[in-house]
Amino acid sequence: MDWGNVTAEDLIDALREVDWSSPPRPLSEFFSRFTLPKSSSKWDSRLKCNLYYYRTNYFIMMVLFLGLGFLRRPLAIVAAILTALSIAFMNDSFAGTFSEKVMRTVRQFSPHLAAKMRPPLTPVIRGRPSAKRAIYICGRPRWLFVMIFSFVSFTLWYVSCGLLTVLWALAIGLLATILHASFRTPNLKARLNTFREEFRSVWRNYSEL
């Protein structure tokens with residue numbers, strides 16, 4: 001995959017659709033080798049490649065920065081968790097996995113309620129879905145959960161007076177992420193991983209034809 005031709009919108013779509021359940025990369029690999037990019041195009045390609053390959057590590061690093069900023073603010077920690085969930089719900093894989101686990105737990109106590117939480121069926125015309133597949137969480141549209149979690153988290157941020165702290169924590173976390181992604185030299189594993197993900201995407205599109 002030529003990361004130089006990948007736009008920011010394509011990268012966001014890839015991060016939204018990719019599976020985030022994979023474990024983070026080992027620290028020995030995460031802090032292995034750092035070099036200066038030779039040109040702006042090399043830096044752009046390296047930044048996108050590392051953001052995609054080390055996505056789980058960067059997410060954990062952001063959570064750690066937020067956690068360190070709110071050690072004395074328990075309410076702000078709850079707000080940070082809800083904010084992280086509202087962002088994670090934007091990923092298709094996480095939203096589907098979260099919904100399945102919740103429904104599996106509910107089914108153990110109330111099968112009737114679990115049946116009501118099933119997502120609506122998408123109409124199929126000539127063997128193809130009539131519209132783009134919508135993502136549902138526990139039978140409700142994903143955007144509803146994102147709005148509710150975002151509203152509750154913003155309210156908790158306001159009550160705990162920790163909004164300024166979270167802005168500083170996010171700024172430091174984003175700066176650390178950009179610096180690491182800019183200077184970490186992509187290794188062979190990163191390149192093979194991107195080729196594998198590209199093959200899966202092409203195969204998925206082919207199988208839907």
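The values are calculated or read from the model by the stated rules, or taken from the named source; none is laboratory data. All of these numbers come straight from a predicted model, not from anything done at the bench. As a convention, Cβ positions derive from the backbone with ideal geometry for all residues, glycine included, and neighbour counts pool all protein chains shown. Keep in mind that these areas ignore ligands, DNA and RNA; they rest on the heavy atoms of the full protein, side chains included. Shrake-Rupley method; radii C 1.70, N 1.55, O 1.52, S 1.80 Å.
What the table shows:
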quantity	calculated
³J(HN,Hα), Karplus 6.51/-1.76/1.60, whole Hz, each residue of region 148-154, x for Gly, Pro	5, 5, 5, 5, 5, 5, 5
Spin-label pair Asp92/Ile172, simplified geometry with 7 Å Cα→Cβ offset, distance in nm	3.7
Accessible area expressed per residue, region 21-127, with surrounding protein chains retained (probe 1.4 Å, Å²)	66
Ordering of 47-60, 142-155 by packing [mean C-beta count within 10 Å, highest first]	47-60, 142-155
Solvent exposure, largest accessible area first (probe 1.4 Å, DNA, RNA and ligands not counted), of Glu9, Glu29	Glu9, Glu29
For Ile60, net neighbour charge (Lys/Arg +1, Asp/Glu -1) across residues whose Cβ lies under 15 Å away	+1
Protection proxy ranking of 35-43, 96-104 - average other beta-carbon atoms within 10 Å, highest first	96-104, 35-43
